[in-house]
Amino acid sequence: MLKLSFDELQHFIFESEFNDEICINHKDKSFYFLLKYNKNYKKIICFSNGAIDPSKKKPPLYQRSTWKNEFKSSCLFIDDITLHENGLKIGWGQGKVDSFALELVAEIIEVILKRLDYSHEATLFYGSSAGGFMSMYLGILIKGSKVIVNNPQTNVLNYLEKSVNQMLEIVYPGFTKQEVIDKYIDRLSITKAFEKYQYIPDMLYMQNRASLADMRDHVKPFKTELSDLNLPLNNIEYYYYKHPKEGHSPLSKDQTIRLIHHHL
C-alpha cells in the first residue's frame with residue numbers, strides 16, 4: 001500500500017504502470033483507494049461502493065475491483081470512509097458532520113487525475129444503489145466528468161428507514177432528523193446538490209422499472225424535483241429496463257461492462 005499525505009500526493013510521480021492500494025491522509029482523515037493505472041490508457045473509470053457486509057470483510061473495501069482487467073482504461077476504486085470502525089453497512093459517502101467525505105474524496109481525486117494526466121472529460125464515475133448516489137455526487141463536484149448509475153438512491157432519506165437512521169446517528173450525532181434536513185440536505189439529496197452547485201453532470205441513469213421502491217422513492221421524486229430547478233436537464237439520459245427477478249440488484253457484470261465501454 002502506498003501511503004501519502006495530501007501535500008505529498010500533489011507532487012507524487014506514479015509509475016507508468018501502477019496497481020496497488022493508496023491511503024491518502026487529508027485533513028487528519030485516512031482515505032483509501034485501489035488504483036490500476038496504465039499511462040497508455042486514455043480514460044479512467046472510478047467506481048463507488050454500495051452496501052457492504054462488515055461481518056464478512058471489514059473496510060477498506062473496493063467493490064467490483066475484480067473488473068479492473070476488463071477495461072482498456074485505468075480504474076480507481078473508492079472506499080467509503082463512513083463505514084470504518086462503526087459496523088455501518090451503508091454510508092453514502094457522508095463521512096462525519098464536520099468533514100463531508102464526498103467533498104474531501106473529490107479533492108483527492110482531482111489531484112490524482114492531475115498527477116495521472118487525465119482530464120475531467122476523460123473521467124467516468126460508475127456506481128449502483130448507494131454507490132450510484134456517490135458517483136452522481138462526485139460527478140457534480142468534478143465538473144466535466146461523465147456518470148453512469150444503476151438503481152441509485154437520489155435522496156438518502158428516502159431509503160430504508162432503519163439504515164438511514166443508523167447512519168444519521170453515527171454521522172450526525174446529537175441532531176434530530178429535521179435538524180439534519182434543515183442544515184445538511186444538500187449532502188443527502190442529489191437535486192439539492194444540483195441546486196447548490198448549479199451544475200448537472202453528463203449522466204446515464206439506468207433503472208429497473210420492476211424495482212417498485214426505487215421507482216416510487218427515488219426516480220419519481222428525482223424527476224419531479226428536477227422540473228423545479230432552473231437548470232438544463234438534457235445532460236441526463238434515462239435507460240429503463242424491466243427485470244422482475246432482479247429487483248434492486250444492478251444489471252449483470254457483462255451488461256454493465258458493455259454499457260460502460262459504450263459511454264466511455
Q) Are there GluC sites (Glu not before Pro) in region 214-264 that DSSP marks as loop and that have at most 15 other Cβ atoms within 10 Å, and which are they? A) Glu246
Q: Specify which residue in the list Val219, Ser119, Asn208 is farthest towards the positive end of the charge dipole of region 115-251, using unit charges on the beta carbon of Lys, Arg (+1) and Asp, Glu (-1), about the Cα centre.
A: Asn208
Q: Name the aspartates and glutamates eligible as straight-distance cross-link partners of Lys43: C-alpha to C-alpha under 15 Å, and not fewer than 8 places from it in the same chain.
A: Glu17, Glu70, Glu110, Asp117, Glu121
Q. With charges only on Cβ, +1 for K and R and -1 for D and E, what is the dipole size of the chain about its Cα centre, in debye, rounded to 20?
A. 740
Q | Residues of the chain: accessible area per residue with a 1.4 Å probe, Å² | A | 47
(Q) Relative contact order for region 1-54: what percent, with Cα pairs under 8 Å and sequence separation of 6 or more? (A) 31
Q: Using a 1.4 Å probe over the heavy atoms of the protein chains, calculate the carbon and sulfur portion of the accessible area of the chain as a whole percent.
A: 47
Q: Give me the percent of DSSP beta bridges within the chain that run antiparallel, rounded to the nearest 5.
A: 35
Q. How large is Rg/Rh for region 38-98, to two decimals, with Cα atoms and a Kirkwood Rh?
A. 1.06
Q) How many angstrom lie between the C-alpha centres of region 99-142 and region 1-22? A) 17
Q | Residue-span extension gain [His262 to Thr224] - 0.36 nm each, minus C-alpha spacing | A | 10.8 nm
**Q.** Listed residue pairs exceeding 31 Å between alpha carbons, taken from Lys223/Lys245; Lys36/Lys245; Lys143/Lys220; Lys27/Lys72
**A.** Lys36/Lys245; Lys27/Lys72
(Q) Could you work out the relative contact order of the chain? I mean the mean sequence separation of Cα pairs under 8 Å and 6+ apart, divided by the number of residues, in percent. (A) 15
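The values are calculated or read from the model by the stated rules, or taken from the named source; none is laboratory data. Remember, predicted model here, so these are calculated numbers, not experimental data. Positions of Cβ are generated from backbone atoms using ideal geometry, with glycine treated the same way; all protein chains shown enter the neighbour counts. What goes into the accessible areas is simple: the full protein's heavy atoms, side chains included, and nothing from ligands, DNA or RNA. Shrake-Rupley method; radii C 1.70, N 1.55, O 1.52, S 1.80 Å.
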